[in-house]
Amino acid sequence: MLCRLRFLMLATSIIFVSFADAQERSGTFDATIDSKTHWAFRTVSPVTVTSPIVRLGDIVEPLDPHQAGWQRLRRAAIGLVPVSGETMTIRRERLGKAILAAEATPRSIDWHGPSEIQVVYRKATASQSATQNDAIRTVNYESESVPAGPALSTIDAKRVIHWIEIAMKQFHPDVIERYEVTIPADQSAFAQLRYLSGVADLEPRSPIESGPCRFAVTARSVSGPIEVEVEVLLTQHPQIPVPTRSLGRGHRIEAADIELRPFASDKIDPNAISEMETLIGQEVRSNLRVGQAIMHGDFGSPILIHRGDLIEVRVVGGGVSVTTNGKALGDGSEAELIEIETLNPRKRLIARVARHGVVEITTRAPVLR
């Protein structure tokens with residue numbers, strides 16, 4: 001009986017120590033996200049980043065350093081900051097979408113701090129670059145158990161490229177939206193990724209712009225993490241004008257109504273308008289939706305005369321001008337020919353639209369014999 005009692009006391013102490021140890025390592029025992037999870041974040045502004053990719057952890061701090069799910073959320077990509085040094089403004093409302101995109105399901109979020117965050121890019125200093133390179137060399141040293149080996153076969157190279165493409169969509173959706181991404185298959189670094197089982201992170205090592213760019217790939221494998229640099233070719237998508245809001249028929253298009261948005265080349269209709277200047281001052285002929293490419297038949301010169309309008313009809317010829325009243329039987333913009341009907345006498349004629357409410361009929365001067 002005494003031995004059994006000692007055994008129970010020993011087992012209880014082991015469970016208690018294990019419980020406390022698990023709680024200390026994780027920072028909080030309950031680190032799951034459920035319907036009762038309550039989040040509180042503080043926005044930080046202004047912020048200077050050394051990477052063109054702005055992540056949630058760059059501009060937001062959790063009030064609780066052991067906030068459930070924060071280690072995953074902090075990697076969520078928010079956008080691309082201009083590498084020219086121009087200040088980027090991020091509104092706090094945008095951050096909720098980033099949290100949802102990170103596959104989180106918060107029920108309650110309390111925001112603190114400024115509602116607008118100012119972010120500016122500064123190129124990393126020599127000491128910062130050295131720190132990053134040292135980190136890369138350290139990971140590679142730990143992963144030397146995975147030999148580089150011979151070049152990958154075509155099938156293995158496609159598998160590696162597939163994993164990198166998935167990571168690009170997950171960590172850098174803005175890059176996918178703005179650029180066509182091509183990953184060359186003949187890279188020597190791929191040999192170290194022969195046994196990867198997924199990509200944990202993808203970090204740019206050069207400015208995001210058209211041309212070859214370097215990315216640090218942190219891959220998962222049975223032997224541990226592997227980090228190598230790979231080359232990615234970026235080709236900027238062509239930009240075409242799209243409405244910034246829904247535009248109805250008859251609306252006169254202004255500069256604030258349209259913006260340029262990148263589209264993949266294979267998704268652009270050949271009939272789509274490519275120049276914003278072509279649209280300014282034109283009138284919408286077909287209802288336009290937000291973000292929709294604008295076709296040639298969707299707009300035209302402003303309609304000056306509408307069907308059923310009472311108009312002034314001018315008959316000009318031989319230096320003589322005669323004016324009468326009529327009714328338009330069709331719509332017409334400037335210089336277009338429309339059918340009209342004079343009121344007295346009632347007669348149908350073809351006239352050219354001169355300006356708003358006025359049409360002209362030009363006759364030849366009489367020939368004297």
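The values are calculated or read from the model by the stated rules, or taken from the named source; none is laboratory data. Keep in mind the model is a prediction, meaning the values are calculated, not measured. A quick note on method: Cβ atoms are made from the backbone with ideal geometry, for glycine too, and the neighbour counts reach across all protein chains shown.
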Report task. State whether the residues of the range 72-88 include one that is in the same structural domain as P114 (by TED's automatic domain parsing), part of a strand (DSSP E or B) and over 25 Å from A200 (Cβ atoms). Result -> yes
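Test of understanding: among D64, D30, D34, which residue is in a loop (DSSP other than H, G, I, E, B), modelled with pLDDT of 75 or more and farther than 26 Å from P173 by Cβ? I'd like the intermediate steps shown before the answer.
Values: D30 fails: modelled with pLDDT of 75 or more; D34 fails: modelled with pLDDT of 75 or more.
Just a single option satisfies the conditions, and that option is D64.
Kindly establish whether S51 is at pLDDT 75 or above, touching a strand residue (DSSP E or B) at 6+ places or on another chain (Cβ under 8 Å), farther than 25 Å from D110 by Cα and not β-branched (V, I, T).
So S51 passes the test.
Name the strands (runs of 3 or more DSSP E) wholly inside the range 294-369 in which the number of residues that are of a type in the set (A, V, I, L, M) and more than 26 Å from I280 (Cα to Cα) is 3 or more.
Values: elements: 303-305, 310-317, 320-328, 337-343, 346-355, 358-362.
In the range 294-369, the matching strands (runs of 3 or more DSSP E) lie at 310-317, 320-328, 346-355.
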**Report entry** Residues of the range 199-234 that turn out to be within 25 Å of the chain's Cα centre (by Cα) and among the hydroxyl-bearing types (S, T, Y), as a count
**Finding:** 3
Query raised in the report: From the residues in the range 100-124 that are polar (S, T, N, Q) and farther than 18 Å from G85 by Cα, which one is modelled with the lowest pLDDT?
Result: T105
Report summary line: In the range 309-354, anything among the basic types (K, R) and surrounded by 12 or more Cβ atoms within 10 Å (Cβ to Cβ) is listed as R314, K327, R352
Query raised in the report: Got a number for residues in the range 237-275 being within 14 Å of the chain's Cα centre (by Cα) and acidic (D, E)?
Result: 1
